[in-house]
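Novice: Mind looking over this structure? Questions follow.
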Amino acid sequence: MLLTILGLVDVALGIVLAASPYFNYTGMAVIGTLAVIALIKGVFSVLSAAAGGFYLSIESWLDIIVGVLLLTTTFGVHFSWFLWIGIFEAAKGVYSIFSEMIGD
């Protein structure tokens, strides 16, 4: 259940980041809050993976990257390649949801 909820959060973060080249998020507190959520989720994932001995968790680092990029969009900085990072984040969320569905 928790993996499904975190997967839905990843899908939402990915969609918001993928849409950032097309919408102006400058000064939006909701996007800033999503950025902080992504950063907290990413830091917790990186620290949890490191505690387990897995030091290069690309999925965890992707959360941190998405959080930083969403934070930059609140300051008016966005690039066209944010679309691809957002697609990767949304795909990670879909993978998490499907792995939860078929896992147990």
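The values are calculated or read from the model by the stated rules, or taken from the named source; none is laboratory data. A quick note: this is a predicted structure, and the numbers were derived from the prediction, not measured. All Cβ positions, even for glycine, are placed from backbone atoms using ideal geometry, and neighbour counts span all protein chains on display. To get the accessible areas, we keep the full protein, side chains included, count just its heavy atoms, and leave off ligands, DNA and RNA. Shrake-Rupley method; radii C 1.70, N 1.55, O 1.52, S 1.80 Å.
Novice: Take the Cα coordinates of the chain, assign each an equal point scatterer, and use the Debye formula without solvent to give log10 I(q)/I(0) at q = 0.15, 0.16 Å⁻¹.
Specialist: Log10 I(q)/I(0), no solvent term: -0.58, -0.65.
Novice: Could you work out [θ]222 nm for the chain from helices alone, using -39500 (n - 2.57) per DSSP H run of at least four and dividing by all its residues? Round to the nearest 500 deg cm²/dmol.
Specialist: Numbers: 4 runs with 78 residues, N = 104.
Computed mean residue ellipticity for the chain: -25500 deg cm²/dmol.
Novice: With only Lys, Arg, Asp and Glu charged, each at its Cβ (+1 for the first two, -1 for the last two), find how big the charge dipole of the chain is about the Cα centre; round to the nearest 20 debye.
Specialist: Roughly 220 debye for the chain.
Novice: Ignoring ligands, DNA and RNA, what percent of the 1.4 Å accessible area of the chain is carbon and sulfur?
Specialist: About 79 percent, which is the carbon plus sulfur part of the accessible surface.
Novice: Okay, next question. Calculate, for the stretch 50-104, the solvent-accessible area per residue in square angstrom, rolling a 1.4 angstrom probe over the heavy atoms of the protein chains.
Specialist: 64
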